[in-house]
Amino acid sequence: MLKQNAIAMDEFQVTTLLGADDVELTPYWSADLTNWSAEGLLLVAQQPADDSTATKTWRLDKAHQGTRTFFRMKVEQRVE
């Protein structure tokens with residue numbers, strides 16, 4: 001589940017299952033929905049919940065912020 005943080009437009013959150021370490025999350029941002037980059041995104045919080053989930057929050061650094069920002073998450077299964 002990907003949801004935009006209603007407080008800060010330069011942040012986004014993803015809720016994951018605790019212990020789901022068989023997948024790798026890679027966040028991306030774009031100003032135009034055509035060109036995507038992982039550069040400048042920082043994981044700033046990991047908040048566990050009582051229902052065996054955790055919410056991770058990423059923030060886009062000030063150098064990359066513009067008037068419009070879009071986010072997406074790449075989810076890949078880890079290969080052992």
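Values quoted throughout were computed directly from the atomic coordinates according to the rules given, and no laboratory measurement underlies them. Keep in mind it's a predicted model, so treat the numbers as computed, not measured. Ideal geometry is used to build each Cβ from the backbone, glycine not excepted, and the neighbour counts take in all protein chains shown.
The distance between label points at Leu42 and Asp61 comes to 0.7 nm (points 7 Å beyond Cα on the Cα→Cβ vector). In this label model, Asp22 and Glu80 are separated by 0.9 nm, measuring between points 7 Å along each Cα→Cβ vector. With θ taken as phi - 60° and the Karplus curve 6.51 cos²θ - 1.76 cosθ + 1.60 applied, the whole-hertz 3J(HN,Hα) list for segment 14-22 is 10, 9, 10, 7, 5, x, 7, 8, 8 Hz, x standing for glycine and proline. Positive contributions from Lys and Arg (+1) and negative ones from Asp and Glu (-1), summed over other residues with Cβ under 9 Å from the Cβ of Asp10, come out at 0.
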